[in-house]
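Peer 1: Right, I'll just put the structure down here and ask away after.
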Amino acid sequence: MQELIRQLNRGQQAAFTTVYDRYWPAIFYFVCKFVPETAQAEDITTETFIKLWQRRENFDNEKSITSFLHTTARNASIDWLRAEKRRVRNREELLYLLHQDQYENLQNDIKAEVLRQVQHEIEMLPSKIKRVFILSYVDGKTNEEIATLLGIHNQSVRNYKTRAAKFLRLAITHKNWLFILLAFFYKRF
């Protein structure tokens with residue numbers, strides 16, 4: 001074995017081939033304990049032997065060669081596992097973001113449709129009721145302010161608001177799909 005190591009130190013290809021043939025199966029098996037993908041395990045094993053060849057002058061016994069091969073293979077495997085973990089995490093984050101984006105788009109589309117339907121139903125209200133509804137719920141005016149603005153009694157404002165709410169509730173509940181969507185997404189609005 002000592003002669004083989006001296007030949008390896010001098011860069012003789014035949015000595016490297018002998019070392020490669022002797023240790024490749026064990027190193028490959030060792031790498032497979034860390035890396036489940038056969039092709040990747042083969043690549044790591046091959047890279048390990050390339051590093052052995054590049055540092056061939058540094059070995060003076062068989063133990064130093066086997067120690068180098070195992071340490072290099074282990075470190076490369078751990079590096080691959082860390083990189084794979086990052087790739088998996090990045091993939092999961094991307095899928096999550098894509099899913100969130102699709103979910104938010106769907107949610108926004110539903111909100112827009114609900115609001116469009118509500119706006120349509122508001123437009124269908126009789127004019128005085130519609131005016132009171134808009135002044136109250138859109139403009140945020142109080143009953144007293146609306147009564148003064150329209151020159152009507154405070155009780156009339158309350159009656160118009162009640163009639164508007166009842167009319168809208170009936171119109172929306174008659175459109176079952178809209179009511180179901182509104183109920184389902186209510187917590188998310």
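Peer 1: When Lys and Arg each count +1 and Asp and Glu each count -1, what net charge do the other residues less than 15 Å away from TRP53, Cβ to Cβ, add up to? Intermediate values should be presented prior to the final figure.
Peer 2: Numbers: positive: ARG10, ARG22, LYS51, ARG55, ARG56; negative: ASP21, GLU47, GLU57.
Charge balance in the 15 Å sphere: +2.
Peer 1: So, one more: Can you sort THR72, THR48, THR38 from fewest to most other Cβ atoms within 10 Å of each residue's own Cβ?
Peer 2: Details: THR72 20, THR48 25, THR38 11.
Neighbour counts put them in this order, fewest first: THR38, THR72, THR48.
Peer 1: Got a sec? How would LYS161, LYS63, LYS111 order by Cβ neighbour count within 10 Å, fewest to most?
Peer 2: Exposure proxy ranking, most exposed first: LYS63, LYS111, LYS161.
Peer 1: Additional query: Within straight cross-link reach of LYS33, meaning Cα distance under 24 Å, which lysines are found once same-chain residues fewer than 8 apart are removed?
Peer 2: Qualifying lysines at Cα under 24 Å: LYS51, LYS63, LYS85.
Peer 1: In Å³ and rounded to a whole number, note down the convex hull volume per residue for the Cα atoms of the chain. Don't skip to the answer; put the middle values down first.
Peer 2: Working: hull volume 34.3 nm³, N = 189.
With only Cα atoms used, the chain gives 181 Å³ per residue.
Peer 1: Run the quick spin-label model on ARG91 and LYS166: label points 7 Å from Cα toward the beta carbon, then report their separation in nm to one decimal.
Peer 2: The answer from the label model is 6.1 nm.
Peer 1: Provide LEU135, LEU4 in ascending order of the number of other Cβ atoms located within 10 Å of each residue's Cβ, fewest first.
Peer 2: Working: LEU135 20, LEU4 17.
Placing the least packed residue first, the sequence is LEU4, LEU135.
Peer 1: Which of THR72, VAL118, GLN7 sits closest to the plus end of the dipole of the chain, meaning its Cα is farthest towards the positive end, when Lys and Arg get +1 and Asp and Glu get -1 on the C-beta?
Peer 2: Positive-end residue among those listed: VAL118.
Peer 1: Using amide H atoms built 1.01 Å from N in the peptide plane, name the residues 5+ places from GLN12, or on other chains, whose amide H lies under 5 Å from its own.
Peer 2: Sorted by chain and number, the residues that satisfy this come to none at all.
Peer 1: When the helix-only estimate is applied to the chain (DSSP H runs of n ≥ 4, each -39,500 (n - 2.57), divided by the residue count), what is the mean residue ellipticity at 222 nm, nearest 500 deg cm²/dmol?
Peer 2: Numbers: 8 runs with 155 residues, N = 189.
That calculation yields -28000 deg cm²/dmol at 222 nm.
Peer 1: Tell me the Kirkwood hydrodynamic radius of the range 1-100 in angstroms, computed as one over the mean inverse distance between distinct C-alpha pairs.
Peer 2: Details: mean 1/r = 0.0671 Å⁻¹.
Answer for the range 1-100: a Kirkwood hydrodynamic radius of 14.9 Å.
Rule-based calculations on the coordinates, nothing more; no lab input. Small disclaimer: the values here were computed from a predicted structure and weren't measured. Methodologically, a virtual Cβ is constructed for each residue, glycine included, from the backbone with ideal geometry; neighbour enumeration extends over all protein chains shown.
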